[in-house]
Amino acid sequence: MAPSDWELFYGKGAKRPDQGFSQAPQQQAGPSMSFTDALTLKDQYGPNAILPPDMQSYTLEDLRLKAEEEKRPFVEAQAREAGAKRVEQAATAVQRAMAPKPRRYGWRLRISFLNHFERSRSVTEAAARTGIDETTARRWRRKYPAFNRRWIEIVESRSRCKAEDLTLRAGELQVVRRYFFRGKQVGELTRHEDRALMFLIQRADTAQQREEDRAERREIREHEMEMRKLEIAARAPQPAPAPEPTEKEPVPTPELSGHETSTEKA
């Protein structure tokens, strides 16, 4: 058998690279982009999103289903790892739960509740974090004036912070719709958020009207008290007038005779 050109050039027994080697099975080409990224682009840019050719025919719901199916192995793996971790830490958790915990009593427990109440969102959550019942906290509020004052300060401070945040956000521009061309944003439609501003104006007007009504009621109450005093004074019995003093007539002294005078002298 005559040698081939490859054997003449490289030597006897030399083989071509495509000969004598097992061909690797051709793998099916996967998507050029993950379905999660495609879902993000589709959700953000809508019909103007630029997707790979193999994903352009998918709708938003199809991409959401594909993304969930794509993430399912990772979610299941994380759940398995978390379960195994909980099983390993079960003994430690049981020991920690069975260990005696330091219990706070008296004013320390009330201070702990106030600290949790300042950081939490509700009385129920603060009571649960402290380890007491909600009715206990409300009973403390009725029993201890200092506790009640601190409670009122926390509520007023939180209300003031909320009002300030709402005031700062009032009148800001709100993006209604964005416009894209070839995957790039070229414009947007904005409008002013006037509902919060109208609410603040109505709240200020209500507070001013309430203050005016309170001042008017105070003036009416003072006027009624003055009229009541005058009415009581008018109904009181008047004291009888004192009689005018009369001049006393001089009492005539009897004249003594001469005999009586001489007798007295003797």
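The values are calculated or read from the model by the stated rules, or taken from the named source; none is laboratory data. Everything numeric here is computed off the predicted structure, so don't read it as measured data. Here the Cβ is made from the backbone with ideal geometry for all residues, glycine too, and neighbour counts use every protein chain on show.
Within the stretch 9-44, the set of residues being at pLDDT below 85, assigned to a helix (DSSP H, G or I) and of a type in the set (Phe, Trp, Tyr) comprises Phe9, Tyr10. Here Leu166 fulfils each of the conditions (1) at pLDDT 85 or above; (2) among the hydrophobic types (A, V, I, L, M, F, W, C); (3) farther than 18 Å from Arg108 by Cα apart from (1).
Selection of first residues in the stretch 48-69 that are in contact (Cβ under 8 Å) with a residue 60 or more places away in the chain and of second residues that are exposed (fewer than 14 other Cβ atoms within 10 Å of the Cβ), restricted to Cβ pairs under 6 Å at least 6 apart or on distinct chains, gives the following pairs, ordered by first then second residue: Ile50/Gly183. For the stretch 178-226, the set of residues classified as part of a strand (DSSP E or B), of a type in the set (D, E, K, R) and modelled with pLDDT of 80 or more consists of Arg178, Lys184, Glu188, listed by residue number. Restricting attention to the stretch 45-78, the residues that are within 16 Å of Arg182 (Cα to Cα) and either in contact with a Ser or Thr (Cβ under 8 Å, 6 or more places away or on another chain) or not in a loop (DSSP other than H, G, I, E, B) (or both) add up to 6.
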